[in-house]
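Written below as structure tokens is the structure these notes are about.
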Amino acid sequence: DAGITQSPRHKVTETGTPVTLRCHQTENHRYMYWYRQDPGHGLRLIHYSYGVKDTDKGEVSDGYSVSRSKTEDFLLTLESATSSQTSVYFCAISESPGRSGYTFGSGTRLTVV
Amino acid sequence: QQQVKQSPQSLIVQKGGISIINCAYENTAFDYFPWYQQFPGKGPALLIAIRPDVSEKKEGRFTISFNKSAKQFSLHIMDSQPGDSATYFCAGSDDMRFGAGTRLTVKP
């Protein structure tokens, strides 16, 4: 998707290992978000950021941490991956969520074995 | 607390038919109502959005109808095509939460 890239696209990791997913934007948007998508649960917000070093928790933040040291990068870390964190993770960006909506990345499929 | 409730969960329509997906919201402060379209293996993409100062917005075969008094808005897909088969999500303003999604299948 134009202006937003997620890496890696696919990852398989073992239970108990740390994992970091990266979201990079070239749009200079203030707001960045991490969602997970699971069958039957739709899109659920993990964490979001409203500026450099400004982050807050979403509805499913347990087991996840985030960091945003630059406008363009928003990192999601699973400190100790569990099988319940097997999911597809989407990053989204927005200039003004209440006026222009969100632009999503292509997603990262994470499998924890 | 779910701010937007979407229905139906799934929908099967014949090619050329009209697809209708509904979304009900609770927060009367919402002033931006988008619909997103997601194809398998892709991220959601903004499809069409409406503000409460109008009752309808049309972009090609896609129309949003907005009913402020009922706190509902709906997505209409006219002349539905197999290429419209996707999952559709509604949302409310900058709430950061989405409806549960509607899986649309358009049969040829």
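The values are calculated or read from the model by the stated rules, or taken from the named source; none is laboratory data. The shown structure was predicted, so the numbers you read here are calculated from the model rather than taken from an experiment. Every residue, glycine as well, gets a Cβ built from its backbone with ideal geometry; the counts of neighbours run over all protein chains shown. Quick note on the areas: whole protein, heavy atoms, side chains included, nothing else; ligands and nucleic acids left out. Shrake-Rupley method; radii C 1.70, N 1.55, O 1.52, S 1.80 Å.
Points to keep in mind about this one:
- Stretching the chain fully between B:ASP31 and B:LYS71 yields a gain of 13.3 nm (0.36 nm per residue, less the alpha carbon separation).
- Projecting label points 7 angstrom from Cα along Cα→Cβ for B:LYS107 and B:ARG51 puts them 4.2 nm apart.
- Accessible area per residue for the range A:4-112, computed on protein heavy atoms with a 1.4 Å probe, is 46 Å².
- With every protein chain in place, chain B: carbon and sulfur % of accessible area (1.4 Å): 49
- The range A:4-112 - Debye-derived log10 I(q)/I(0), Cα point model, q = 0.12, 0.18 Å⁻¹: -0.36, -0.81
- The protein assembly as shown - share of DSSP beta bridges that are antiparallel (%, nearest 5): 90
- Heavy atoms of A:THR20 accessible to a 1.4 Å probe, total area in Å² rounded to 10: 70
- Convex hull of Cα atoms in the protein assembly as shown, direction-averaged projection (nm²): 12.0
- Between the listed residues A:SER69, A:GLY40, A:HIS10, the Cα displaced farthest toward the positive end of the dipole of the range A:4-112, a dipole computed from Cβ unit charges relative to the Cα centre, is found at A:HIS10.
- Choice from A:SER49, A:SER83, A:SER94 with maximal GNM fluctuation in chain A (Cα, 10 Å cutoff): A:SER83
- Measuring with a 1.4 angstrom probe and ignoring ligands and nucleic acids, B:ARG61 comes out at about 80 Å² accessible.
- Residues in the range B:43-64 occluded by at least 30 Å² - accessible area, probe radius 1.4 Å, against chain by itself: B:GLY43, B:PRO44, B:ARG51
- For the residue pairs B:LYS42/B:LYS107; A:LYS53/B:LYS71; A:LYS70/B:LYS5, alpha carbon separations beyond 29 Å are given by A:LYS53/B:LYS71; A:LYS70/B:LYS5.
- Cross-linked pairs A:LYS57/B:LYS68; B:LYS15/B:LYS58; B:LYS15/B:LYS68: Cα-Cα separations exceed 23 Å for A:LYS57/B:LYS68; B:LYS15/B:LYS68.
- Using a probe of 1.4 angstrom and keeping all protein chains present, the accessible surface of the range B:59-108 works out to 42 square angstrom per residue.
- Dipole magnitude (debye, nearest 20) for the range A:1-68, charges at Cβ of Lys, Arg, Asp, Glu: 160
- Student exercise, chain B dipole from Lys, Arg, Asp, Glu Cβ charges, in Debye to nearest 20: 300
- Hydrodynamic estimate: the Kirkwood radius of chain B over Cα pairs, inserted into Stokes-Einstein at 37 °C and 0.692 mPa s, corresponds to D of 239 µm²/s.
- Protein heavy-atom accessible area occluded, B/A pair - total, 1.4 Å probe, Å²: 1400
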